[in-house]
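The values are calculated or read from the model by the stated rules, or taken from the named source; none is laboratory data. Please read these numbers as outputs of a predicted model, since none were measured by experiment. Virtual Cβ from ideal backbone geometry, glycine too; neighbours counted across all protein chains shown. These accessible areas exclude ligands, DNA and RNA; they are computed on the full protein's heavy atoms, side chains included. Shrake-Rupley method; radii C 1.70, N 1.55, O 1.52, S 1.80 Å.
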Amino acid sequence: MNPLTRNNMKKQTILLCDDDPVDRKLFKKYLGTVRPSDYLVLEAENSSELNNFLADKNVEADIIFLDYYLGAENGVDILRELRKANSAPVIMLTGRGDQEIAVECMKEGAMDYIPKETLHETDLRKLIRQAEEKWELERERDQLLGIAAHELRNPLAVILGYTEILQTYDELPAEKKSEILNVIYERSHHLLNIINELLTVTRVDKGIINLKKKQVNLHELLVKKVADYQLQAAKKSITILYNGETENAEAVIDRDRIEEVVANLLDNAIKYSPRDRKVHVSLGRTGTAITITIRDEGQGIKEEELKFLFKLFSSKKISTLPTGEEASTGLGLAISKKVIDAHGGEIAVESRVGQGTSFTVILPLTNRNL
């Protein structure tokens, strides 16, 4: 029977490349795959068989265990090729515990290293989870560099181009000069926003979100942020309406971080709404939690795309675009979710194409007197 059945493919797929059948059997024993489990182990005796699995469209490798001593083949050479192809995270296996070998493997991109003699005492499931998390972080960092290069290049090119015009032409009409300076200012401001968001992403990526919590009145916070965005909304003839069910709703939060979240949601509501619409902001409570809801009357988001909204780096693009050609990095919602998670809260989204989108932030309520 073909091991690559539909049921098997639901399991996490491990490619095990080891030329010793006894070692492969022991590995499966310690993993627990002799009995039904969460893993499907596909065995390869050499790099050729391993590459065949990787080339098979029916195989989606989640992780690779690769023997350092693979007969006449050098496991590190195979590791280098796997990293070039970005196939899957790799954990190296070896018949002996050698610190130099471990260092060599890690330098070449292995997610981890384990001597076979310690397999019986190793929590392989935990090792796999850690390797996958590390792999995902590396992929996100690579994507971050790509985003940085792309997002920073465009505003910089505009700034440089208009600066050259100012330097080249001494006697520009005052109106034209003012127009150029406004563009330079706007592009510079956008550039600063990108840099700030990328720095925030880096801190989030490393798990560094230092919250400075204190008792904050959320009604006052929302009134302030709504006022801050009235001018931006007015440029598109958009009205922001605020409805606070309770004026003394308080929570222990990092005020600056929550303001950033609210600002991002308001900014998006305005960006993705056509002219002459309304943005509704409300504050309420549900049980022992405070809810902040920001709802627009914009284009809405396709149902199948909603699950990608809060991902830091998703290969899936959201088809909804700003209505006024406003710039956007696409990082704000992912950062917002991380901030809300760090507060022990939740952020949810509901949307219908052509009718608008609603984001709800749920924060633990701390004022028991309400």
Legend entry - Low-density loop cleavage sites - trypsin sites (Lys or Arg not before Pro) in region 276-313, where at most 16 other Cβ are within 10 Å (DSSP): 302, 311
Legend entry - Rounded, prolate or oblate (a/c below 1.5 giving rounded, otherwise prolate when a/b exceeds b/c) for region 47-189 by Cα gyration tensor: prolate
Legend entry - lysines with Cα under 24 Å of residue 29, excluding same-chain neighbours fewer than 8 positions away: 10, 11, 116, 126
Inset, instruction - Would you mind checking which residues have amide H under 5 Å from residue 98's amide H? H placed 1.01 Å from N; only 5 or more apart, or other chain. - result: none
Inset, instruction - Step through the table entries 213/337; 57/302; 212/271; 235/278; 134/302; 28/84, compare each Cα-Cα distance with 21 Å, and write down the pairs that go over it. - result: 57/302; 212/271; 134/302; 28/84
Inset, instruction - May I ask for the net charge around residue 106, where only other residues with Cβ less than 12 Å from the Cβ of residue 106 are counted and Lys, Arg are +1 while Asp, Glu are -1? - result: -1
Inset, instruction - Calculate, for residue 186 and residue 289, the FRET efficiency according to 1/(1 + (r/R0)^6) with r their C-beta to C-beta distance and R0 51 Å; round to the nearest 0.05. - result: 0.85
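How much accessible area per residue does region 250-289 have, counting only protein heavy atoms and a probe of 1.4 Å, in square angstrom? Mind dumping the intermediate values first?
On the way: 1560 Å² over 40 residues.
Value returned for region 250-289: 39 Å² of accessible area per residue.
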Legend entry - Cross-link reach list, aspartates and glutamates versus residue 214, counting only Cα pairs under 18 Å and skipping chain neighbours closer than eight places: 247, 250, 254, 256, 259, 260, 341
Legend entry - Distance in nm between pseudo-label sites at residue 231 and residue 350 (7 Å out along the Cβ direction from Cα): 3.5
Inset, instruction - Please report how far the C-alpha centroid of region 95-133 lies from that of region 233-288, rounded to the nearest whole angstrom. - result: 48
Inset, instruction - Consider a paramagnetic label point 7 Å from the Cα of residue 311 along Cα→Cβ; state which residues of region 332-352 have an amide N under 15 Å from it. - result: 333-335
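Which length gain, in nm to one decimal place, applies between residue 163 and residue 342 when the Cα-Cα distance is subtracted from 0.36 nm times their residue separation?
Working: separation 179, 0.36 × 179 = 64.44 nm, distance 4.22 nm.
The span from residue 163 to residue 342 would gain 60.2 nm if fully extended.
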Inset, instruction - Work out the FRET efficiency for residue 98 and residue 57 from their Cβ-Cβ distance, taking R0 = 35 Å, and round it to the nearest 0.05. - result: 0.40
